[in-house]
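The values are calculated or read from the model by the stated rules, or taken from the named source; none is laboratory data. Everything numeric here is computed off the predicted structure, so don't read it as measured data. Note that each Cβ is placed from the backbone with ideal geometry, even for glycine, and that neighbours are counted across all protein chains shown. For the accessible areas, the whole protein counts, side chains as well, though only heavy atoms, and no ligand, DNA or RNA atoms are used. Shrake-Rupley method; radii C 1.70, N 1.55, O 1.52, S 1.80 Å.
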Amino acid sequence: MSLVIGLAIGLTLFPPTERASLALAAECTPSVGPSIPPPATVPSGIPGLHAYWYGQSGYPTLCPGQSSVATVAFYNSGSEGWKLGITGIDYTAISLGTSGPQPGQDRASILGGDWTHGSPNTHWSTFNRPAIQPAQWIGPNQVAWFQFTVKAPPTPGTYRLYLRPLIESVGWLEDFGVYWQVTVIPTSTTPQRVTVESVDTGADVINASGMHFLYDRSDDFQYGDETTTYENFERQLTSGDVLDVRYEPSAPQRSTFVIVEDGAYAAPNVVPQIGNFDHGTTKNDIRVFASTAQDGTPSYLTVAQRAAVPGGTTMCWAGSGSYVEITGVDNTPYIDENVPSGTYCYRVSGGMFGYSAPVTMPSPPAAAAPEPAPLSVDARTTSSSGGSAATFDFGDRLLAAFDQPMRICDANTAVRLRDADGTVAELNASTRNIGCERNEAPQTVGGTTYPTFTVITLTLVASPTILEAGSTPGLQLPATVQTASGILGDSGLAWNVAGSTDIVFGEPD
């Protein structure tokens with residue numbers, strides 16, 4: 001049996017002759033073959049849970065990067081119904097799972113997925129589950145119609161995706177060898193890249209780079225590497241956005257619109273760096289720093305991925321290779337530890353993916369000298385206008401400039417200080433008497449301008465916690481740091497208080 005993709009036909013709001021004059025036509029034109037009808041007879045009432053193939057949509061021919069919707073039907077040939085309930089509790093729902101020979105049982109596919117395990121984001125249930133039954137209950141002798149989206153790979157060729165129905169809590173059902181075949185057309189042209197000037201969602205018209213593009217629900221819409229719907233495309237599209245457009249001016253044909261730069265949620269800048277970030281003996285780690293495209297501030301993002309690519313690769317993009325999650329990622333920068341020798345591309349999501357330049361881990365990796373712990377080179381205090389100039393109190397700011405980039409303070413940050421009269425007090429993020437931040441742009445401390453991320457500022461939002469009382473109530477200025485935790489350099493090493501040049505907050509400086 002052959003499972004294939006159905007392709008809707010585009011409609012137009014203007015006469016074809018007018019539409020044809022609006023923009024250049026794309027060289028690559030998608031098409032779809034005839035659908036495959038259900039068999040003349042099917043079995044019924046087989047004891048237990050069973051499914052029988054019952055027809056599907058036709059084989060598609062697509063342009064690189066285009067997406068489309070697949071439809072396949074399965075008939076409940078068993079004696080029991082398929083119930084969509086709570087997993088493991090009266091749950092007999094049918095899912096479609098990836099199968100062999102391509103890509104293999106439960107394996108990720110190049111044609112669709114959920115962005116994990118190197119799959120594109122076509123909004124499948126999971127990377128290896130294209131769809132789950134659409135209704136709560138499919139009884140015996142009833143039919144379930146499954147729909148899901150696939151996306152043509154960037155490289156021309158012929159691709160197949162095999163599917164098999166299953167019930168997660170029970171097992172795989174009958175295998176009819178169901179698959180669909182996607183043919184990707186070679187093309188010598190690249191999409192038109194245009195900048196949006198205005199959008200008329202009522203008339204479905206985009207004005208961009210001096211041209212007018214008509215669109216409708218049957219066209220293909222993408223947001224970066226992610227397929228999206230007509231409705232979401234209209235919500236995401238604003239003036240200033242940059243589109244890649246494969247435009248078909250003829251009414252029956254299908255256009256593709258890809259938002260490649262979103263003014264409000266632009267793809268982040270991604271910079272990889274080889275180093276010894278796990279404090280081992282070799283420089284076999286890669287730090288991936290992501291920053292916003294607008295002003296270079298760090299991006300707090302949710303997805304960081306790596307793809308192995310051939311040596312000599314000059315540019316990273318969605319089709320560079322199979323992207324997989326970096327394990328143990330946190331806020332930027334991400335640290336990819338113990339990377340094998342080879343060439344890699346990295347991408348980080350900030351609404352849409354930003355891509356790094358290729359980076360090559362040598363074989364063998366370079367030996368690493370011990371990394372230095374961060375040292376504070378200048379410590380200053382800015383007193384609030386409402387409190388005492390002699391005592392640390394609400395609103396005071398303690399600034400420490402370091403000799404290397406610093407991480408954002410963690411939730412357990414604590415700094416213990418001692419003043420001249422013997423008072424010992426603690427500033428502690430967990431007890432919420434301080435706020436902690438690092439400089440997101442170059443900052444001047446004591447007349448010297450320090451680079452981004454090298455200045456830590458502790459702001460008192462409550463009185464310091466007194467651990468040992470001195471002769472004068474409160475923690476007096478100046479005060480000297482005794483211990484510190486939670487303030488780390490970019491390498492992950494803790495603040496070296498004992499070796500620092502300046503650990504005294506307040507005069508003299």
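The table that follows gives values for the structure above.
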quantity	calculated
Residue match in segment 390-400 (condition: open to solvent by 70 Å² or more (accessible area, probe 1.4 Å) and aromatic (F, W, Y))	yes
Residue that is farthest from A318 (Cα to Cα), among those in segment 272-284 that are surrounded by 17 or more Cβ atoms within 10 Å (Cβ to Cβ) and modelled with pLDDT of 90 or more	K283
Positions within segment 98-116 being open to solvent by 10 Å² or more (accessible area, probe 1.4 Å) and not small (G, A, S), in sequence order	P101, Q102, P103, Q105, D106, R107, I110, D114, W115, T116
Residues of segment 216-231 classified as over 22 Å from Q305 (Cβ atoms) and either part of a loop (DSSP other than H, G, I, E, B) or open to solvent by 10 Å² or more (accessible area, probe 1.4 Å) (or both), total	7
The one condition in (1) open to solvent by less than 20 Å² (accessible area, probe 1.4 Å); (2) more than 21 Å from I36 (Cα to Cα); (3) modelled with pLDDT of 90 or more that S119 fails to fulfil	(3)
Qualifying residue in segment 186-202 (condition: touching a Phe, Trp or Tyr at 6+ places or on another chain (Cβ under 7 Å) and buried (at least 21 other Cβ atoms within 10 Å of the Cβ))	no
Selected residue [over 30 Å from I185 (Cα atoms), buried (at least 21 other Cβ atoms within 10 Å of the Cβ) and modelled with pLDDT under 85] from A304, A264	A304
Segment 235-249: number of residues that are touching a residue at least 12 places away in the same chain (Cβ under 8 Å) and surrounded by fewer than 15 Cβ atoms within 10 Å (Cβ to Cβ)	3
Qualifying residue in segment 74-86 (condition: within 33 Å of the chain's Cα centre (by Cα), assigned to a loop (DSSP other than H, G, I, E, B) and over 28 Å from G157 (Cβ atoms))	yes
Lone unmet requirement of (1) among the aliphatic types (A, V, I, L, M); (2) surrounded by fewer than 20 Cβ atoms within 10 Å (Cβ to Cβ); (3) touching a residue at least 40 places away in the same chain (Cβ under 8 Å) for A51	(2)
In segment 125-137, residue nearest to Y162 (Cα to Cα) [restricted to those that are assigned to a loop (DSSP other than H, G, I, E, B) and either of a type in the set (K, R) or open to solvent by 10 Å² or more (accessible area, probe 1.4 Å) (or both)]	N128
Selected residue (criterion: modelled with the lowest pLDDT) from residues of segment 174-185 that are more than 22 Å from T229 (Cα to Cα) and open to solvent by less than 20 Å² (accessible area, probe 1.4 Å)	W180
